[in-house]
Amino acid sequence: MTYRHLLLTRSPDRHVITVILNRPEQHNAMNTAMGEDLLACFDALARDPDARAVVFTGAGDKAFCAGGDLKERNGMTDEAWRAQHVIFEQAALRVLRCPIPVIAAVEGFALAGGCELAILSDFIVASETAVFGVPETTLGIFPGIGGTQLLPRILGAPLAKELIFTGRRLKADEAKAVGLINHLVPAGQARAKAAEVAATIARNGPIAVRQAKKAIAYGSETDLETAMILAIEAYNATVVTEDRLEGVRAFNEKRKPEFKGR
């Protein structure tokens, strides 16, 4: 597929897909067309049999994404605003529920909806230029694609409340210290580091990785006893695969496994 405001690339083995928000002159702010692109893109990725990991990033070095495009929104009726936001909501859910790991690679600003897109990913790699924030309340708006739910889960409620209520920004070093990002790298290196981690993931059993992501995601949303049942179901779904047999064979033959996703 072709997109208006996204660029997609694949690794030579086709297993790692890089999704690039492509409005650099607007700090990759989300307009309606980009929202529609994200929805279609992550719908397609969920059905892609070759895909094993996603690197999610922004074009240029100024911003991952600066949030919703308020120039496009200026003068929108309530009905038009709501219709646009439904697209953003659906796109956000597709990122959150993507069956394969999604790694956000952040250079520069990740603000408002841009910060939310980053935390909808499984984890974040950021450069020392990264700045995170959810400043919507400073404009009389609301973090509308998951910030009020995901930030407390990642950071704990007190810090999340402070950031959302005040609009205070986190620079990269503080974001690393409080656990918002997994890897902090020099300027310009976020995408490369994310691609390195994604390639490591892609070498592992793709069914096992998908089942692990599913078990973590849904297990964290329920009680422990139910979560343990979900984990056993995921385990059993993995045991019956050809990849499990290949992994055991490779271990005993002292070679690297060649997983097929079957």
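Sort 76-83, 145-152, 244-251 by the packing proxy (mean of other Cβ within 10 Å over each peptide's residues), most packed first.
Values: 76-83: 10.2, 145-152: 19.5, 244-251: 13.9.
Top of the packing list down: 145-152, 244-251, 76-83.
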**Study point:** Unit charges on C-beta of K, R, D, E only; dipole of the chain, Debye
**Key:** 640 debye
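Report Rg/Rh for segment 134-191, rounded to two decimals, where Rg is the Cα radius of gyration and Rh the Kirkwood radius. Could the numbers behind the result be given before it?
Values: Rg = 12.4 Å, Rh = 12.3 Å.
With Rg and the Kirkwood Rh in hand, the quotient comes to 1.01.
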Review point. Lys62 to Asp223: extension gain in nm, 0.36 nm per residue of separation minus the Cα-Cα distance?
Key: 53.8 nm
Check your understanding: Most exposed first by the Cβ proxy, i.e. fewest other Cβ within 10 Å, how do Ser121, Ser220, Ser127, Ser11 rank?
Key -> Ser220, Ser11, Ser121, Ser127
**Study point:** Proximal lysines to Lys214, defined as alpha-carbon separation beneath 23 angstrom and excluding residues fewer than eight positions away on the same chain
**Key:** Lys260
Review point. Using a ≥ b ≥ c from the Cα gyration tensor of segment 107-262 (square roots of the eigenvalues), is it rounded, prolate or oblate, where a/c under 1.5 gives rounded and otherwise the larger of a/b and b/c decides, a/b for prolate?
Key: oblate
Exercise for review: Grab the DSSP H runs of the chain that are 4 residues or longer, score each as -39,500 (n - 2.57), total them, divide by all residues and round the 222 nm result to the nearest 500 deg cm²/dmol.
Suggested key: -14500 deg cm²/dmol
Revision key, fill the gap. Per the Kirkwood formula over distinct C-alpha pairs, the hydrodynamic radius of the chain in angstrom is 19.1 Å
**Study point:** Average Cα contact separation per residue, segment 1-101, under 8 Å, 6 or more apart, as relative contact order %
**Key:** 34 percent
Check your understanding: Within segment 6-203, what is the number of lysine pairs with alpha carbons under 25 Å apart, leaving out pairs fewer than eight places apart on the same chain?
Key -> 8
Exercise for review: Go ahead and set up a Gaussian network model of the chain, Cα springs under 10 Å, then flag whichever of Leu70, Leu117, Leu224 fluctuates most.
Suggested key: Leu224
Practice item. Convert each backbone phi in segment 97-110 into a coupling constant with the Karplus relation 6.51 cos²θ - 1.76 cosθ + 1.60 (shift: θ = phi - 60°), then list the ³J(HN,Hα) values in order as whole Hz, x for Gly and Pro. Key: 9, 4, x, 10, x, 10, 10, 7, 10, 10, 10, x, 6, 10
**Study point:** Cα-based reach from Lys256 at 13 Å (exclusive), listing aspartates and glutamates while leaving out same-chain residues under 8 positions away
**Key:** Asp243, Glu246
Exercise for review: Please report the Cα spread of segment 206-252 along all three principal axes, rounded to whole Å, starting with the longest.
Suggested key: 37, 15, 14
Check your understanding: Using a ≥ b ≥ c from the Cα gyration tensor of segment 78-186 (square roots of the eigenvalues), is it rounded, prolate or oblate, where a/c under 1.5 gives rounded and otherwise the larger of a/b and b/c decides, a/b for prolate?
Key -> oblate
Review point. What Kirkwood hydrodynamic radius, in Å, does segment 1-123 give when the mean of 1/r is taken over all pairs of distinct Cα atoms and then inverted?
Key: 14.3 Å
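Laboratory data are not the source of any read-out in this text; all were calculated from the coordinates shown. Worth saying up front: this structure is predicted, and the values here are computed from it rather than measured. Cβ sites come from the backbone with ideal geometry, for glycine too, and all protein chains shown count toward neighbours.
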